[in-house]
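The values are calculated or read from the model by the stated rules, or taken from the named source; none is laboratory data. Fair warning: this is a prediction, and the values are worked out from it, not measured in the lab. Every residue, glycine as well, gets a Cβ built from its backbone with ideal geometry; the counts of neighbours run over all protein chains shown. The accessibility values were calculated without ligands, DNA or RNA, using every heavy atom of the protein model including side chains. Shrake-Rupley method; radii C 1.70, N 1.55, O 1.52, S 1.80 Å.
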Amino acid sequence: MQLSLNWLKDFVKISNSITPEEVGQKLTLHTVEVEGVTKQGEKFKNIVVGKILEVKKHPNADRLRLAKVEIGKDKILDIVCGAPNIEAGQLVPVAMPGAVMANGLEIKEAEVRGEKSQGMLCAEDELGLGGDHAGILILDGKARVGQNFSDYLGVNDVVLEVDNKSLSNRPDLWSHYGIARELSVLFDAKFIERPKVDLNKDIKIKKEDKVVNLKVEVKDKELCPRYMALPISGIKIAPSPKWMQDRLIAVGMRPINNIVDVTNYVMLELGQPLHAFDARLVNGIVVRRAKKDEEMETLDGQKRKLDDKMLVIADLKKPIAIAGVMGGANSEVGDDTETIILEAANFEPTQIRKTSTKLALRTEASMRFEKSLDPNLCELAVARVLELIKEICPKAKIAGDLVDLKSFSLNQGPVELDLDWVSKMIGQKIEEHKVILILEKLGFEVDLGGAKKSAKIIKVKVPTWRATKDVSIPEDLIEEVVRIYGYNNIKIEMPLIKIEYPRFNFERLFERKVKEILARSAGLIETYNYSFVGEEQLKKLNIDSSNYIRLANPISNLHTMMRQSLLLNLVENIKSNQAKYENVKLFEIGSVFFNTPGDINKNDEKKEMLPYQEKKIGIIIAGGKPLDNYNEIKGIIQLLLKSLNIDFNFQKSEKEISWAESGSIADIGAGGKNFGYVAMLDNNIGRSAGLKKNLAYAEMSSKDLFELYSNLGAKQYEEMPKFPPVVRDLAFVVDNKVLYNKIKEDIEKFSELIKNVELFDVYQGEKLGYNKKNLAFHIIYQADRTLIGEEVDKLQNELAKKLEEKFGAQVRNF
């Protein structure tokens, strides 16, 4: 949100000796975060008034012209311009090299179709002064050649940029009026309060002036606790006064016409959004929920489909506005409008937020309504609009009765506050009279309970502008006292609290250990992805989406469902990086979600079941040959599980995976249970998904791994063998269909002297023959005595013979 310092000073008398930077710093320390303080003239740096001396046709372009422009004594620039309205003798704004336009474009010297251009002649929209781009802005005779453009405009304001996030719980601060109230407290300055109004008493209408008999019905009073409407005739649509346009432009609002500008001006001044309908286009007003699939065109020219949960302002035939969000084009104030219906309403904040989010339409009005505005603000805003309309449209008259339908109540307390407890909570003593003074300055009414000067327990009545959702309990009042007193004034002391060790989350420690192994030891890069996937992703990988959980309100059409595997988003990561790196090796640990019942939602009163979710470990490798990727990923799994001391095995899987190459799927198991798989992506599917590299993927259940790891128990000391082992290597060629695990099991069972078997190499090549592979094992022999070579050699030969008989294994000697 942007704030004009000149505008703020309409309501608070801040000393001229206080700099804008001090104002920003004070607000940041006590109220809201001020992100920037900008002098308005800085927007027009390096933009000056120039006089066009000569205009001629560009020799190399039909639609371009060459202008010689004087910007000061003996300073003439050559500028290429495409605007049709430039002529010699005109005074125009000239952006010189170094100027930055409203859209962020930085002006530099350039060559356009072979002709030098030393700057730019500016249109209205390029300067941020409006939306007109039909031609160059032509200045009046008051302009002087060489004059800074900011001086010509007479802009001398300072704009404070406030972070909207810091205003989320303060609906009263979404206006100059609310911020000025805060500044009056922070600087102990006089606050010029708007007088309280009772429009029903103040508005008097002559019988002959009553030309509109307006009927209003509010069908959902919960969603619209207050609705005010007032017909006004004698309107003449014209540009708003320059002072009003200047203020709107200063805070980033584009002037449109006098009526629209007045409603925007009052919204920015008081914080209450308003809307004006053309009375000719409105046949009564009904505040109701939209009908299912009802459509309307909004003021931005977009046709929007509504649903029956949205609130609309309608007449007897059609919706004319989306309540609290945007008006409709079918009731828009136009150049020939003479009578308007002014609307000031209050809407339920959650409903406004849901509607604006669902329609992807967030406006200045919706941002304010969703913060829970004070319903009493409506009549103050109507009174201010009438004051301004009377000023800019002298012939305007009240054209009908004021409609004011209200059904709201505010919890203003009182809230009991124990002053001793205040000091205890803050951690230091703050004088009682200071606490009371701070609250009273902020607009709270303090009841001392009959005591003349002070009381230990006071009753505090909350002002209406803080009673909607902001202040309701004693802790809220303490926050008010402390922030105004100053956090910097609170002494820093270490608390005298007994500190206990935090409870260990062993599953989280396990997850961290897995990440350390995969990132440091295996050299993989960790990635984090959304838990969402899109239907197009699933189709490209040949995955059926029928059983996926669909999102009711997805953030985009690329994220419409909850993922059931980490694969899809990891594939997208590969696609994003495949052009930059030869090999890409990633892993992710994240949750997947299934359309089956899971845990009970403890925060839900109905105790409904949540969908089942589980953490998975996904590993993906792309870039090498298919089998190399496959073997490397198996090696990484072996490294991980051995580092965790988990005995495991790979087994050929009987299941089918739609995206995997036939015959490449291997289950990963331990303790008689499979907890993951590894597979190669089918090349044809990969190419259709946009992949240019071969890919292997593995996925394991983090939960199952953690259970296996937890059941291992603590490591215990094991005495070193007294006698040395004997290590023999055995390499042989077998058919591709023979599983490594079957061979390993037979080797381990062959003799009691064989203590360990480790596969250290797998090779396939033309020398071995078609559909053959070479397996090489380290075999460790050990006994409670010293083994001799002849004994081990004999066992090794017998083992080779047995493997040949059972598996057709041929000892490799080439």
> Among Leu359, Leu402, Leu386, which is the only one that is open to solvent by less than 70 Å² (accessible area, probe 1.4 Å), modelled with pLDDT under 95 and within 17 Å of Met267 (Cα to Cα)?
Replying inline: Leu386
>> If I go through the range 624-635 residue by residue, how many of them are under 25 Å from Lys513 (Cβ atoms) and either touching a helix residue (DSSP H, G or I) at 6+ places or on another chain (Cβ under 8 Å) or open to solvent by 20 Å² or more (accessible area, probe 1.4 Å) (or both)?
In response: 4
> Looking only at the range 176-188, which residues are open to solvent by 20 Å² or more (accessible area, probe 1.4 Å) and out of contact with any His (no Cβ under 9 Å at 6 or more places or on another chain)?
Replying inline: Arg181, Phe187, Asp188
> In the range 160-203, how many are of a type outside the set (A, V, I, L, M) and not in a helix (DSSP H, G or I)?
Replying inline: 16
>> Just checking, does the range 741-761 include any residue being part of a loop (DSSP other than H, G, I, E, B) and either in contact (Cβ under 8 Å) with a residue 60 or more places away in the chain or β-branched (Val, Ile, Thr) (or both)?
In response: no
>> If I ask for residues that are at positive phi and either touching a residue at least 12 places away in the same chain (Cβ under 8 Å) or open to solvent by less than 40 Å² (accessible area, probe 1.4 Å) (or both), which ones from the range 91-118 would you list?
In response: Gly98, Arg113, Gly114
>> Being β-branched (Val, Ile, Thr), at pLDDT 90 or above, out of contact with any strand residue (DSSP E or B) (no Cβ under 9 Å at 6 or more places or on another chain) and closer than 30 Å to Leu268 by Cα: is that true of Ile438 here?
In response: yes
> From Tyr501, Tyr530, which residue is open to solvent by 30 Å² or more (accessible area, probe 1.4 Å) and modelled with pLDDT of 90 or more?
Replying inline: Tyr530
>> Just to confirm my filter: which helices (runs of 4 or more DSSP H) fall fully inside the range 333-429 and include at least 2 residues that are closer than 22 Å to Gln302 by Cα and in contact (Cβ under 8 Å) with a residue 60 or more places away in the chain?
In response: 349-358, 364-369
>> Can you find, within the range 245-262, the residue that is farthest from Val12 (Cα to Cα) among those that are among the β-branched types (Val, Ile, Thr) and open to solvent by 10 Å² or more (accessible area, probe 1.4 Å)?
In response: Ile256
>> Let me confirm something: among Ile86, Ile71, which residue is farther than 24 Å from Asp246 by Cβ and either in a strand (DSSP E or B) or in contact with a Ser or Thr (Cβ under 8 Å, 6 or more places away or on another chain) (or both)?
In response: Ile71
>> Could you list, ordered by first residue, the pairs with Cβ atoms under 8 Å in which the first is in the range 460-489 and acidic (Asp, Glu) and the second is open to solvent by 40 Å² or more (accessible area, probe 1.4 Å) and part of a helix (DSSP H, G or I), at least 6 apart or interchain?
In response: Glu475/Met425
> Take the residues of the range 454-476 that are in contact with a Leu (Cβ under 9 Å, 6 or more places away or on another chain) and either assigned to a strand (DSSP E or B) or among the polar types (S, T, N, Q) (or both): which is modelled with the lowest pLDDT?
Replying inline: Ser454
>> Quick test for you: out of Glu516, Glu535, pick the one residue that is out of contact with any helix residue (DSSP H, G or I) (no Cβ under 6 Å at 6 or more places or on another chain), at pLDDT 95 or above and farther than 30 Å from His433 by Cβ.
In response: Glu516
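Listed here are the residues, each with its yes/no results for (1) touching a residue at least 24 places away in the same chain (Cβ under 8 Å); (2) within 19 Å of Lys585 (Cα to Cα).
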{"residue": "Gly635", "(1), (2)": "no, yes"}
{"residue": "Ser662", "(1), (2)": "no, no"}
{"residue": "Asn683", "(1), (2)": "yes, yes"}
{"residue": "Tyr697", "(1), (2)": "yes, yes"}
{"residue": "Gln716", "(1), (2)": "no, no"}
> In the range 291-312, what residues are within 22 Å of Pro349 (Cα to Cα) and either hydroxyl-bearing (Ser, Thr, Tyr) or open to solvent by 70 Å² or more (accessible area, probe 1.4 Å) (or both)?
Replying inline: Lys291, Lys292, Thr298, Leu299, Lys305, Asp308, Lys309
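Suppose we filter Gly89, Gly82, Gly50 for residues that are more than 23 Å from Tyr152 (Cα to Cα) and among the small types (Gly, Ala, Ser); which single one remains?
Testing whether each residue is more than 23 Å from Tyr152 (Cα to Cα) and among the small types (Gly, Ala, Ser) leaves just Gly82.
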> Among Leu139, Leu173, Leu121, Leu167, which is the only one that is closer than 23 Å to Ser240 by Cβ and surrounded by 17 or more Cβ atoms within 10 Å (Cβ to Cβ)?
Replying inline: Leu139
> If we only count strands (runs of 3 or more DSSP E) wholly inside the range 239-307, which ones have 2 or more residues that are in contact with a helix residue (DSSP H, G or I) (Cβ under 8 Å, 6 or more places away or on another chain)?
Replying inline: 274-278, 295-297
> Tally time: how many residues in the range 19-41 are out of contact with any Asp or Glu (no Cβ under 6 Å at 6 or more places or on another chain), within 16 Å of Asn156 (Cβ to Cβ) and touching a residue at least 40 places away in the same chain (Cβ under 8 Å)?
Replying inline: 5
> Which members of the range 484-508 meet the condition of being of a type in the set (A, V, I, L, M, F, W, C) and farther than 12 Å from Gln428 by Cα?
Replying inline: Ile484, Met494, Leu496, Ile497, Ile499, Phe504, Phe506
>> Can you confirm whether Glu536 is open to solvent by 100 Å² or more (accessible area, probe 1.4 Å), within 20 Å of Ser576 (Cβ to Cβ) and touching a residue at least 12 places away in the same chain (Cβ under 8 Å)?
In response: yes
